[in-house]
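Visitor: Just dropping this structure here.
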Amino acid sequence: MNPTLAELILAVVSYVTEHGGYITKTKLLKLLYLFDVEFYRAYGRTFTQFRWKYFHLGPWTREFDPLLNGLLSQGELAEHTSERSEFDTKFLRATESVDLRKPVANYKEEAVLKIVLDTWGNRTTGEILDYVYFRTEPMEYGVRNENLDFSKIAQQLPGFYKRTPSDKAPGEIKALRRQFGQQITGRLAQPGFQFTPPEYDEEFRTAIEKLEAGDL
């Protein structure tokens, strides 16, 4: 496991709750999985180093519960029950705010984490589960009760811009450039915009006189 996992969990809980979202044990686990998916897409490896498995609630790892329970027992995380009767689950909150920069190595890793949380932090657990099940490659190609294969993730690396070479002869290109330059020079040489004074009728003049006299 990544040694900064405890800080990652605290940072995720802090960020989601401080930005108006809620977070439960299940939602937290799926957010960590989504971070691993996007981190792998960018770097070719997962951040958490969890051994993810295709379980009945989607991606799961046995390494998560002991880590979460440790943070709860140490008082770094707290659980509370919603006052709304339709919520019968427990919600997590960090007892102290932890910045997203703390668990990661640089701003690029932070950017990956922030994009995941900004996208999914305020979504419901159901929405996240639906996306995780059907729109992430390890789950799409996964086999129930087997370890998930992150190598199925298509890496998206920014490519370098390369201009397509022209199929015109050098002499023709030179002539076109000269023609274009002459067109620009001609336009710049044209007289500037001429303002034409408006023509006001008698009705307009009468209305202005009444306005100035305070009759309107």
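The values are calculated or read from the model by the stated rules, or taken from the named source; none is laboratory data. A quick note: this is a predicted structure, and the numbers were derived from the prediction, not measured. Every residue, glycine as well, gets a Cβ built from its backbone with ideal geometry; the counts of neighbours run over all protein chains shown.
Conditions (1) surrounded by 14 or more Cβ atoms within 10 Å (Cβ to Cβ); (2) part of a helix (DSSP H, G or I); (3) modelled with pLDDT of 95 or more; (4) not aliphatic (A, V, I, L, M), marked per residue:
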site: 48; (1), (2), (3), (4): yes, no, yes, yes
site: 62; (1), (2), (3), (4): no, no, yes, yes
site: 70; (1), (2), (3), (4): no, yes, yes, yes
site: 88; (1), (2), (3), (4): no, no, no, yes
site: 93; (1), (2), (3), (4): yes, no, yes, yes
site: 96; (1), (2), (3), (4): no, no, yes, yes
site: 103; (1), (2), (3), (4): yes, no, yes, yes
site: 129; (1), (2), (3), (4): yes, yes, no, no
site: 144; (1), (2), (3), (4): no, no, no, yes
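Visitor: If the Cβ limit is 7 Å and pairs must be 6+ apart or interchain, which residue in region 88-110 that is more than 18 Å from residue 76 (Cβ to Cβ) pairs with which residue that is of a type in the set (Lys, Arg)?
Guide: As it stands, the answer is 110/101, since those pairs meet every condition given.
Visitor: Please enumerate the residues belonging to region 19-46 that are part of a helix (DSSP H, G or I), surrounded by fewer than 17 Cβ atoms within 10 Å (Cβ to Cβ) and in contact with a Ser or Thr (Cβ under 7 Å, 6 or more places away or on another chain).
Guide: 26
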